[in-house]
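Q: Please find one structure pasted underneath; my questions will follow.
The values are calculated or read from the model by the stated rules, or taken from the named source; none is laboratory data. Predicted model, so just to flag it, every value in this text is computed and none were measured. Here the Cβ positions follow ideal geometry from the backbone for every residue, glycine too, while neighbour counts run over all protein chains shown. When the accessible area is computed, the model is the full protein with side chains, heavy atoms only, and any ligands, DNA or RNA have been set aside. Shrake-Rupley method; radii C 1.70, N 1.55, O 1.52, S 1.80 Å.
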Amino acid sequence: MIATRSVSGSSQSPRSPSSQPYLSVSVTDPVKLGNGVQAYISYRVITKTNLPEYQGPEKIVIRRYSDFVWLRDRLFEKYKGIFIPPLPEKSAVEKFRFSAEFIEMRRQALDIFVNRIASHHELQQSEDLRTFLQADEETMERLRSQETGIFKKKPADLMQIFKDVQSKVSDVVLGKEKPVEESNPEYEKLKHYIFELENHLAEAQKHAYRLVKRHRELGQSLSDFGKAVKLLGACEGNSLGKAFSELGTKSETLSVKLQKEAHQLLMNFEEPLKDYVRAVQSIKATIAERANAFRRQCELAETTKLKEINLNKLTLMRSDKVGEAEIEYQELKAESEEATRMFEMIVRLMNEEIVRFQEQKTLDMGIAFHEFAKGQARLANGIANAWRSLIPKLEACSSSS
Amino acid sequence: MMGSDNEGFEEAHLYASKEEMENLVIDNPLNDSNSYSNYRSALSSAISDTSHPLAPSILVTPADSDPILSPPPYRDHLYHNSPTESSYFEPPPFGDNVGDVNGVENHSLNLDNFGRFSRSASWSTSSSTDSEYVKITVSNPLKEQEASNSIVPGGGTYVTYLITTRTNVPEFGGVEFSVRRRFRDVVTLSDRLAESYRGLFIPPRPDKSVVESQVMHKQEFVELRRVALEKYLRRLAAHPVIKRSDELKVFLQVQGKLPLATTTDVASRMLDGAVKLPKQLLGESSVVVAPHEVVQPAKGGRDLLRLFKELKQSVANDWGGSRPLVVEEDKEFIERKEKINDLEQQLSNVSKQAESLVKAQQDMGDTMAELGLAFIKLTKFENEEAVFNSQKARAHDMKGFATAAVKASRFYRELNAQTVEHLDTIHEYLGLMLVVHSAFSDRSSALLTVQTLLSELSSLESRAEKLEATSSKVFGPGKSRNRKIEDLKETIRATEDAKNIAIREYQRIKENNRSELERLDKEREADLLNMLKGFVHNQVGYMEKIANVWTKVVEETSYYAKENS
């Protein structure tokens, strides 16, 4: 489904002369495709925008989960230092994979994922994002299959990985056991915070999930209780029997309320908590990236220094290797400076990101608490009202007997 | 906001992790008003918790005051968190509300703050149509030494309980008196009552359960037994007929050794019967059932022959072609019996589902508490590590949420404890079903005795006829023949007497059954209705409270809702 492109790419009749730039995305319409083990869910991704970089005001594409993974991985590569929005997990149990609830939860999470990217002032400019939102399915499939784990790395990258391992080994051999780490107390505090936070959040999320289950269980037991009470009522007969019948019916009604609330709780509280956990895990990945960048910077600085010393030595000796050495030195120096720049950029970005992150999370949690409380109040009131309506009937029973 | 959470709750325990909760100190984030005010200044001053949100409320009331919740011991598994040091409070249902004394409505619905319903199950409280009362308390268990060697080995010590009665019933001849009794005495009382009041729905006595005494600590077991004994005696005193029985009076009043015939041990009875049987078979001792024995069912041991006869009769009833001479013709009774069976089945079903319901409510409360606790830890963490204002704001929100969750969890658990009480009526009536069956079987065995005597009478009479008919023809007139006829006639007369007594007994039991069934129906209707009312009021009360707790949080976080929309 390809929307018609505007004839003149750059300018389009603006809806209002001073229309704000906008980019809005939605992930909708999950559809099960394929058969058996190969089966998967596809989603419709609808993009509405007035940004010039995009092909038109509206575009609809079909994407699957691994496409989202591709996007996340690309962004993670390109935008080091930025907290890439987290993705929902790859599915769990086979049976559960196509349950309506799981599909809806995933859709919601994917929708949030893309929108967070689209509203991040740096990430939204990503070319990969544009590709994701606009490319046709064949292109997407091609891109997706190229990017698989370590094999996606270019030879130079592979070399770098080996070098990293090498230097680690030599460090150990040389007795430098500790990997090179920043000695920044504030950053230490942040790292400690992030790691601790994950534990706390995971625990909260665990209990939130259990609470969802409890709602379902209570609903089920109310339903069973209601049925049993109705049978007892039939056995008793007369006004008492009627009272039992009514109670049983009410009980079954409340069971439905509880199941509804369980679902609400899952979508509006447990999922946001899980999302919070994932976000923290994403930050941990960024922390690892920063550590890598730092190490790289240090190693290159050191290697450059050594190269410089060597160069000077050769110069003094008037060796004919000076030229070569000079070139090597310059290359290395450039690399070292690049590494330093990279590292410093990551530090800067992270500082900004953490502020944004904290604010966002306060907002997210505030909403989550609000929804939770609303749901619980609604449920409790519903239960109270239902039971209260029985009171006059029960009173009538006793006055008649 | 916070200080109000102790209102009207006589017992608000925290049931789990009390220590955990107490150890978490939550800093008031609002102390740091400067940085915070940028965020939600409007709210900051409004929310000032003066008290620790998790301060455990007042615990424990003495047994006699408005009692709370420890459920009957056999329901312990539903309620595993009840603090052990508070031992066993009397659950209200057993008519412990002294307020019932003076002509209060029999089926009174005492509603306090949140529809916490103190019910008085009709069949275990004194009827209030008269203003008389008999209040029994069991207390003060003491270990005592066996005076002489008993036949049973391993004896030596036993426990006695102090049984105190307060009453204004004149037949007792006293207002307050106490005796010491041991469990064996209670068994005796129960057996004597069963004999004297066949056909009545007599409350079942506590089990002998020696096994449990091995498993539990002696102290626990004694306490369990004390509670069970008290419950039993109170029920006896609440039964309209039993309360006036001599057996009960004697049990409650006569000092020293209980002057009721103990049941002879099985061995000697078997012995007795074994000795008598050959004589009976040979016709050497009287085969007539003595009239006074007719009013009791055939017991094993002593009445072997009678047992055989009645067994033969019952087989004849079931398999024989001829109808027995007297049948259970009371159609109404048969219908009632069917209904009782049906009722029992439904009660059992409801009982099972009620247990599930209670478990689910308990779990809800527990998990809510755990969630609250997790967020309290998060609050503490964010406060300690806070670098940004957004964190402080979040910590504040979390605290509000967590506190609400903990409160709500407490309400769930309180609600549940009372649900257990209310729904306990179902279990009570299930227990009663057994008693009803026992009363019905009194009737069946009495009927069987009648049938047996009737067919015996009929066969004796036909023998007599035959003998009369074979007059002088066969062996000539002789003293022996006449004497035989005389003996037979004598036996017939005695059997006739026994039959009449048996029929009277049967009628009596029938009447007992009937009046008890009527009483059961009336009281059951009242009790179950009360149970429903209590249950419903309870739910309404606590759900309102829970709704309030969360509504407050909704208001406090409404800022975010506006932000989002």
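Q: Looking for something more than 8 Å from chain B (Cβ to nearest Cβ), of a type outside the set (A, V, I, L, M) and within 30 Å of A:Ile112 (Cα to Cα) - is there at least one such residue anywhere in the range A:235-257?
A: Yes, the range A:235-257 contains a residue that is more than 8 Å from chain B (Cβ to nearest Cβ), of a type outside the set (A, V, I, L, M) and within 30 Å of A:Ile112 (Cα to Cα).
Q: Pull out all pairs, ordered by first then second residue, where Cβ-Cβ is under 6 Å, the residues are six or more apart or on different chains, the first lies in the range A:295-322 and is aliphatic (A, V, I, L, M), and the second is in a helix (DSSP H, G or I) and at pLDDT 90 or above.
A: A:Leu300/A:Glu335; A:Leu300/A:Ser336; A:Leu300/A:Ala339; A:Ala301/A:Ser336; A:Leu311/A:Tyr329
Q: Let me ask something else. Looking at the range B:338-364, I want the residues that are at the interface with chain A (Cβ under 7 Å from one of its Cβ atoms) and have a partner that is acidic (Asp, Glu) with Cβ atoms under 7 Å, at least 6 apart or on another chain. Which pairs are those?
A: If the second residue must be acidic (Asp, Glu), the pairs left are B:Gln353/A:Asp224; B:Ser356/A:Asp224; B:Ala360/A:Glu217; B:Asp363/A:Glu217.
Q: Right, here's the next one. Considering each residue of the range A:352-370, count those that are away from chain B (no Cβ under 11 Å) and open to solvent by 20 Å² or more (accessible area, probe 1.4 Å), and give that number. Working first, answer last.
A: Residues of the range A:352-370 away from chain B (no Cβ under 11 Å): A:352-353.
So of that shortlist, the ones also open to solvent by 20 Å² or more (accessible area, probe 1.4 Å) come out as A:352.
Qualifying residue count, the range A:352-370: 1.
Q: So in the range A:66-80, with the set limited to residues that are among the aromatic types (Phe, Trp, Tyr) and crowded, with 18+ Cβ neighbours inside 10 Å, which one is farthest from A:Arg144 (Cα to Cα)? Break it down stepwise before answering.
A: Our first condition is that a residue be among the aromatic types (Phe, Trp, Tyr); within the range A:66-80, this holds for A:68, A:70, A:76, A:79.
With the extra rule that they be crowded, with 18+ Cβ neighbours inside 10 Å, the set shrinks to A:68, A:70, A:79.
Numbers: A:Phe68: 9, A:Trp70: 6, A:Tyr79: 19 Å.
Per the criteria, the residue is A:Tyr79.
Q: Same structure again: In contact with a Leu (Cβ under 6 Å, 6 or more places away or on another chain) and surrounded by fewer than 18 Cβ atoms within 10 Å (Cβ to Cβ): which single residue out of B:Ala417, B:Ala464 fits that description? Spell out the reasoning first.
A: Values: B:Ala417 fails: surrounded by fewer than 18 Cβ atoms within 10 Å (Cβ to Cβ).
Checking each option against the conditions leaves just B:Ala464.
Q: Is the range A:216-232 home to any residue that is open to solvent by 60 Å² or more (accessible area, probe 1.4 Å), in contact with a Phe, Trp or Tyr (Cβ under 8 Å, 6 or more places away or on another chain) and closer than 26 Å to A:Lys80 by Cα? Talk me through it step by step, then tell me what you get.
A: Looking only at the range A:216-232, we keep the residues that are open to solvent by 60 Å² or more (accessible area, probe 1.4 Å), and these are A:216-217, A:220, A:227, A:230-231.
Those left that are additionally in contact with a Phe, Trp or Tyr (Cβ under 8 Å, 6 or more places away or on another chain): A:230.
The next check asks that each one be closer than 26 Å to A:Lys80 by Cα; those that pass are none.
Among the residues of the range A:216-232, not one is open to solvent by 60 Å² or more (accessible area, probe 1.4 Å), in contact with a Phe, Trp or Tyr (Cβ under 8 Å, 6 or more places away or on another chain) and closer than 26 Å to A:Lys80 by Cα, which makes the answer no.
Q: Taking the conditions exactly as written (assigned to a helix (DSSP H, G or I) and modelled with pLDDT under 95), does A:Glu338 satisfy them or not? Write out each step before concluding.
A: On the way: assigned to a helix (DSSP H, G or I): yes; modelled with pLDDT under 95: yes.
Here the answer is yes, as A:Glu338 does meet what is asked.
Q: Quick one: which residue in A:Leu266, A:Leu190 is at the interface with chain B (Cβ under 10 Å from one of its Cβ atoms) and in a helix (DSSP H, G or I)? Break it down stepwise before answering.
A: On the way: A:Leu266 fails: at the interface with chain B (Cβ under 10 Å from one of its Cβ atoms).
So the residue among A:Leu266, A:Leu190 that is at the interface with chain B (Cβ under 10 Å from one of its Cβ atoms) and in a helix (DSSP H, G or I) is A:Leu190.
Q: Within the range B:555-565, which residues are surrounded by 22 or more Cβ atoms within 10 Å (Cβ to Cβ) and either more than 7 Å from chain A (Cβ to nearest Cβ) or hydrophobic (A, V, I, L, M, F, W, C) (or both)? Steps first, please.
A: Quick first cut of the range B:555-565, residues surrounded by 22 or more Cβ atoms within 10 Å (Cβ to Cβ) only: B:556-557.
Across the range B:555-565, the qualifying residue is only B:Glu556.
Q: Could you tell me which of the residues A:Ile112, A:Ile60, A:Ile84 is more than 23 Å from A:Gln146 (Cβ to Cβ) and within 19 Å of the chain's Cα centre (by Cα)? Please lay out each step first, then the result.
A: Values: A:Ile60 fails: within 19 Å of the chain's Cα centre (by Cα); A:Ile84 fails: more than 23 Å from A:Gln146 (Cβ to Cβ).
Of A:Ile112, A:Ile60, A:Ile84, the one residue that is more than 23 Å from A:Gln146 (Cβ to Cβ) and within 19 Å of the chain's Cα centre (by Cα) is A:Ile112.
Q: Hey, could you check the range A:380-401 for residues that are closer than 22 Å to A:Leu218 by Cα and aliphatic (A, V, I, L, M) and say which is farthest from the other protein chains (Cβ to nearest Cβ)? Quick ask: steps written out before the conclusion?
A: Here is the first cut: in the range A:380-401, the residues closer than 22 Å to A:Leu218 by Cα are A:380-390.
Next, only the ones that are aliphatic (A, V, I, L, M) stay: A:380, A:383-384, A:386, A:390.
Working: A:Ala380: 4, A:Ile383: 5, A:Ala384: 4, A:Ala386: 9, A:Leu390: 5 Å.
Ranking the candidates gives A:Ala386 first.
Q: Given the criteria buried (at least 18 other Cβ atoms within 10 Å of the Cβ) and either at positive phi or part of a helix (DSSP H, G or I) (or both), does A:Phe83 qualify? Step through it out loud before you land on a result.
A: Numbers: buried (at least 18 other Cβ atoms within 10 Å of the Cβ): yes; either at positive phi or part of a helix (DSSP H, G or I) (or both): no.
Criteria not met by A:Phe83.
Q: Right, something else. Pick out the one residue from A:Ala373, A:Ala377, A:Ala325 that is open to solvent by less than 70 Å² (accessible area, probe 1.4 Å) and either over 30 Å from B:Ala395 (Cβ atoms) or more than 14 Å from chain B (Cβ to nearest Cβ) (or both).
A: Details: A:Ala373 fails: either over 30 Å from B:Ala395 (Cβ atoms) or more than 14 Å from chain B (Cβ to nearest Cβ) (or both); A:Ala377 fails: either over 30 Å from B:Ala395 (Cβ atoms) or more than 14 Å from chain B (Cβ to nearest Cβ) (or both).
Unique residue meeting the criteria: A:Ala325.
Q: So the check is Cβ under 8 Å with 6+ separation or different chains; which pairs have a first residue in the range B:378-389 that's touching a residue at least 60 places away in the same chain (Cβ under 8 Å) and more than 9 Å from chain A (Cβ to nearest Cβ) and a second one that's open to solvent by 50 Å² or more (accessible area, probe 1.4 Å) and of a type outside the set (A, V, I, L, M, F, W, C)?
A: Within 8 Å, the pairs are B:Lys380/B:Asp27; B:Asn383/B:Asp27.
Q: May I ask you to verify whether A:Ile391 is modelled with pLDDT of 95 or more and surrounded by 14 or more Cβ atoms within 10 Å (Cβ to Cβ)? Explain how you work it out, then say what you get.
A: Values: modelled with pLDDT of 95 or more: no; surrounded by 14 or more Cβ atoms within 10 Å (Cβ to Cβ): yes.
Here the answer is no, as A:Ile391 does not meet what is asked.
Q: Sticking with this one: Can you tell which of B:Val549, B:Val536 is more than 7 Å from chain A (Cβ to nearest Cβ), crowded, with 22+ Cβ neighbours inside 10 Å and more than 30 Å from B:Glu465 (Cα to Cα)?
A: Details: B:Val536 fails: more than 7 Å from chain A (Cβ to nearest Cβ).
The match here is B:Val549.
Q: Consider A:Leu222 against the criteria (1) modelled with pLDDT of 95 or more; (2) under 26 Å from the mean Cα position of the chain (by Cα): it satisfies all of them except one. Which criterion is unmet?
A: It is condition (2) that A:Leu222 fails.
Q: Then there is this: Pick out, from the range B:459-565, the helices (runs of 4 or more DSSP H) lying fully within it that include 2 or more residues that are modelled with pLDDT of 90 or more. Give the derivation first.
A: Numbers: elements: B:471-475, B:479-556, B:558-564.
Hits in the range B:459-565: B:479-556, B:558-564.
Q: A further question on this structure: Condition test on A:Leu306, is it surrounded by fewer than 18 Cβ atoms within 10 Å (Cβ to Cβ), farther than 27 Å from B:Glu555 by Cα and more than 14 Å from chain B (Cβ to nearest Cβ)?
A: When the stated conditions are applied, A:Leu306 passes them.
Q: For the range A:193-233, which positions are farther than 27 Å from A:Val280 by Cα, more than 8 Å from chain B (Cβ to nearest Cβ) and free of Cβ contacts under 8 Å to residues at least 40 places away in the same chain?
A: Answer for the range A:193-233, where residues must be farther than 27 Å from A:Val280 by Cα, more than 8 Å from chain B (Cβ to nearest Cβ) and free of Cβ contacts under 8 Å to residues at least 40 places away in the same chain: A:Ser223, A:Gly226, A:Lys230, A:Gly233.
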